[in-house]
Amino acid sequence: MGNSTTGQFVTGQREREREDDRRGITGRRSLAGGKPAGTRRRGEPPPAGNEQAKTLRRILELNSRTEYLRRYLGNDFEISDHLDSSHLQSFFSSRVPLSSHRDIEPFIRRIADGEPSAGLLTGEKISMLSLSSGTTDGRQKLIPFTRFSSQATLEIFRLAAAFRSRVFPIRPKGKILEFIYSSKRYETNGGRIGTATTHWFASEEFKLRQSATQSFSCSPPEVIAAGDYRQSTYCHLLLGFLFSDEVEFVASTFAYSLVQAFSTLEQVWTDLCHDIRTGTLSSARVSSVKVRRAVLSLMARPDPDRAEKMKRICEELVNRDWAGAVRFLWPNAKYLYSIMTGSMIPYVEKLRHYAGGLPLVCADYGSTESWIGVNLAPLDPPEHTIFTVIPTFAYFEFIPLTKARYGACEEDDFEEGEAVPLDMVIVGQQYEVVLTTFTGLYRYRLGDMVEVSGFYKQTPQLKFICRRNLILTINIDKTTENDLQIVVEKALKLLQSHQAKAELVDFTSHAEAAGQPGHYVIYWEIKGSVSDQMLRDCCTEMDLGFADQGYVASRKTSSIGALELRIVGGGTFKKVMEYYIGNGAALSQFKTPRCTKNPSMLGILDFCTVKRFWSVAYC
C-alpha cells in the first residue's frame, strides 16, 4: 500500500481514451461516456468493474491471513493468479457475511488495549484509530486509520482540485481561507485515538496537499491544532483579513463550519480590525501561547490601511445583514467549498446569503471509514451534486433498496435485495453502500442511502440521499432523515409565503414515547420575529407533510399524538455543538443530529425551550 492506486485508475482511463483516439473509434457514446456502446467483448468487465476486481484481489492479498478473514475464508485460502475475477468476487461475497461496527468492535478493543494489531484486521500494524463524531446515533465509534487513509485523502484532493481548476482557475501559490480544526489525540496501549480529520491534518500527506494543489492555507498548523475552536476561528478570520487579496477560495469540511465562522465574524469584526491596525492579537480572544506566537509571526507589523479598508467593508455589510460578505471581504475568491449534501443541506441558503452570488461547490463524498466518490462537476449546485465512485479506494457493493409494502419491514421502510458489485448497479435504483477496505473493514454496511444517477466512463455516479438509521418511529411509522428534511422545507416555504422576517438557524427531532400516545417533537431555533399563530401553522404543516403510510394511519387513529414544535432560545444549537466537541468530536466533523435519543442533548434542548406549539392536523 505504499503507492496510491487512485492515480493508476485515472492514468488507465486516460490511456484507454488515447488508444480509442489512435484507433479512430467514433460514434455514439454510451451513457457512461466511455467506449461506444457495444464495443466491449462479451464477458469482458467494464473498466470500473475490472479495477474493482483488482482492488478486491489486492485487499485479499494483503489481508486474507488476518484473524477476521480466516474465520470465513479458512486457514488454507490462497489467491491464485489464474483465479477468474468474477469467481473471486462471488466467492468472497458468498463466504464473508455483511458486517457492521458490532462485528469489528471486539478487534478494535483488543487493538486499543495493546494487543499486537498486525494480523487481526489487517496484515500491517494499526497504530491509529479514528473516532467518529457520534452525531449520527449518539455513540462514537473507533475505525482503523492507516497510511492508506492519508494517501487516499491526498489523492482525492488532487483529483478534485484538478477538475475544479478547469472551471475555476486559481493563481499558483494562492491561499485558501480554511476553517478547519483538529481535536485532541490521546494515547492508548495500542496507539493514538483521534478524529479522522485530526489524523489527516497531522499527516505528511496534508503538508503535501498544499504543494500538490498549489493552494496554501492562510492558517499555520498551530491554529488548526489549537484544540479550542473559538481561538482557531478567530485566528482563521484574522489571517483571512490579513491575506484578503490573496484568498482564492473559502473552505471547510462541512457547511456547518462555514456558517459558524461567518456568524462569529458578525460578532468579532471590530476586534479583528483593531488587531490588524495595531499589529497585536487580542489576549481575550486568543490565550494559547503557541497560537499567539505563530499568528503574530505572520502579522509582522501594524497595518492601519488594511484595517481601515476592512472596517469600511464590514460597516457596509452590517447594513446589508452581511449579505455578500465573502464577495466583498475576499474579492478574488472564486467559490466556497465544503460538504453541502445530506444533513448539510439546511445550511446552503445561509451560505448563499454570505456568498453573494459566488458558486457553492460541494466537496467529495467520504466518511470516517473510507472515501467513496469525487465531485467531477463543480458547477452543479449542492442540491444536485453527484459523486463519481473511485473504484481503487475500496471494493464496493450495493444493497438494492425497494420501498416496502405497508408494514412489511421491521427496521425501516425498505426491503433489501442481495448486495451487487459496482458494475451491476442500475440507474434510478436506490442502494445502501457496502465497503471492503484496505484498512480492515469487510463487507461493512456504511448505512448511507444513495441513488445511482448515471455513469462516468462505466463508473457509477451517486446522489447521496440520507443516512438509513436516522429514523423517527413510535408505532408502525418509519420516518427517515430525508422525510424530516422535506417537511421542514414545506414549513419554511409557508413562512416565506407570508414574508415572515425570520430564518431557521437549525433543527432536530425526537420521538417522544414517554407519554401515551407517543408523538414527534421537532426543535427549531429561529433568528428574527415570527408570530405564534404562524408557528402553529408551521407545526400543522409539518404534521400533514409526513407521507409515511404508517405515520398517517397512526395519526388518523390517534395511536400517535399530534406533532409538537418546540422553539428554543438563541444559541441553543451552539450549546449542542459545544457538548459534542467537549466529548471528543472535532468541529471539522460536527453535524447537528437530525434525530436524537441522546439524553444530554435532549436535556440541553428542553432546558432552552421557550415556546411549545401543537399541530391541529387530523383533529
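List of remarks:
- Residue match in the stretch 554-565 (condition: of a type in the set (Lys, Arg) and either modelled with pLDDT under 80 or under 23 Å from Thr609 (Cα atoms) (or both)): no
- Count of the stretch 542-565 residues, restricted to those that are surrounded by 20 or more Cβ atoms within 10 Å (Cβ to Cβ) and of a type in the set (Lys, Arg), is 1.
- Residue satisfying all of: in the stretch 439-485; in a loop (DSSP other than H, G, I, E, B) and open to solvent by less than 10 Å² (accessible area, probe 1.4 Å); modelled with the lowest pLDDT among these: Asp477
- Selection count, the stretch 217-228, where residues are under 24 Å from Cys362 (Cα atoms) and open to solvent by 30 Å² or more (accessible area, probe 1.4 Å): 0
- Criterion violated by Cys235 - all others in (1) crowded, with 18+ Cβ neighbours inside 10 Å; (2) of a type in the set (A, V, I, L, M, F, W, C); (3) in contact with a Leu (Cβ under 7 Å, 6 or more places away or on another chain) satisfied: (3)
- Residues located in the stretch 578-594, provided they are touching a residue at least 24 places away in the same chain (Cβ under 8 Å) and either outside any loop (DSSP other than H, G, I, E, B) or open to solvent by less than 20 Å² (accessible area, probe 1.4 Å) (or both): Tyr579, Tyr580, Ile581, Ala585, Ala586, Leu587, Ser588, Gln589, Phe590, Thr592, Pro593, Arg594
- Condition check for Glu246 on (1) open to solvent by less than 10 Å² (accessible area, probe 1.4 Å); (2) in contact (Cβ under 8 Å) with a residue 60 or more places away in the chain; (3) farther than 26 Å from Leu129 by Cα: one failure, at (1).
- Residue in the stretch 105-113 that is modelled with pLDDT under 85 and more than 23 Å from Ser370 (Cβ to Cβ) present: no
- Check on Leu98, modelled with pLDDT of 90 or more and either within 21 Å of Thr392 (Cα to Cα) or open to solvent by 30 Å² or more (accessible area, probe 1.4 Å) (or both): yes
- Residue in the stretch 389-406 that is in contact with a Lys or Arg (Cβ under 7 Å, 6 or more places away or on another chain), assigned to a loop (DSSP other than H, G, I, E, B), open to solvent by 10 Å² or more (accessible area, probe 1.4 Å) and touching a residue at least 12 places away in the same chain (Cβ under 8 Å) present: no
- Qualifying residue in the stretch 170-180 (condition: modelled with pLDDT of 85 or more and part of a helix (DSSP H, G or I)): no
- Qualifying residue in the stretch 295-303 (condition: closer than 29 Å to Pro172 by Cα, open to solvent by less than 60 Å² (accessible area, probe 1.4 Å) and of a type outside the set (Val, Ile, Thr)): yes
- Taken over the stretch 181-206, residues that are assigned to a strand (DSSP E or B) and of a type outside the set (D, E, K, R) amount to 5.
- Residue count, the stretch 205-215 (criterion: under 25 Å from Val289 (Cβ atoms) and open to solvent by 60 Å² or more (accessible area, probe 1.4 Å)): 1
- Failed condition for Met601, given (1) at pLDDT below 85; (2) within 30 Å of Arg192 (Cβ to Cβ); (3) buried (at least 20 other Cβ atoms within 10 Å of the Cβ): (1)
This table checks each residue for (1) surrounded by fewer than 22 Cβ atoms within 10 Å (Cβ to Cβ); (2) in a loop (DSSP other than H, G, I, E, B); (3) within 13 Å of the chain's Cα centre (by Cα); (4) not acidic (Asp, Glu).
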site	(1), (2), (3), (4)
Leu317	yes, no, no, yes
Val326	no, no, no, yes
Lys350	yes, no, no, yes
Asp380	yes, yes, no, no
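- Which numbered condition Asp413 misses (of (1) at pLDDT below 90; (2) surrounded by fewer than 19 Cβ atoms within 10 Å (Cβ to Cβ)): (2)
- Residue ID - modelled with the highest pLDDT, chosen from residues in the stretch 123-169 that are among the β-branched types (Val, Ile, Thr) and open to solvent by 10 Å² or more (accessible area, probe 1.4 Å): Val167
Residues checked against (1) within 34 Å of the chain's Cα centre (by Cα); (2) touching a residue at least 60 places away in the same chain (Cβ under 8 Å); (3) farther than 17 Å from Pro220 by Cα:
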site	(1), (2), (3)
Thr264	yes, no, yes
Asp271	yes, no, yes
His274	no, no, yes
Gly279	no, no, yes
Val289	yes, no, no
Ala300	no, no, no
Pro304	no, no, yes
Ile313	yes, no, yes
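- Among the residues listed as Tyr618, Tyr551, the single one being in contact with an Asp or Glu (Cβ under 6 Å, 6 or more places away or on another chain) and at pLDDT below 90: Tyr551
- Residues located in the stretch 183-196, provided they are open to solvent by 20 Å² or more (accessible area, probe 1.4 Å), within 22 Å of the chain's Cα centre (by Cα) and among the polar types (S, T, N, Q): Ser183
- Among the candidates Ala202, Ala251, residue that is in contact with a Ser or Thr (Cβ under 8 Å, 6 or more places away or on another chain), within 25 Å of Lys309 (Cβ to Cβ) and surrounded by fewer than 24 Cβ atoms within 10 Å (Cβ to Cβ): Ala251
- The one condition from (1) assigned to a loop (DSSP other than H, G, I, E, B); (2) among the basic types (Lys, Arg); (3) at pLDDT below 85 that Arg209 does not meet is (1).
The values are calculated or read from the model by the stated rules, or taken from the named source; none is laboratory data. Note that the structure is a prediction, hence the values are computed from the model and not measured. Positions of Cβ are backbone-derived with ideal geometry, glycine not excepted, and every protein chain shown enters the neighbour counts. Quick note on the areas: whole protein, heavy atoms, side chains included, nothing else; ligands and nucleic acids left out. Shrake-Rupley method; radii C 1.70, N 1.55, O 1.52, S 1.80 Å.
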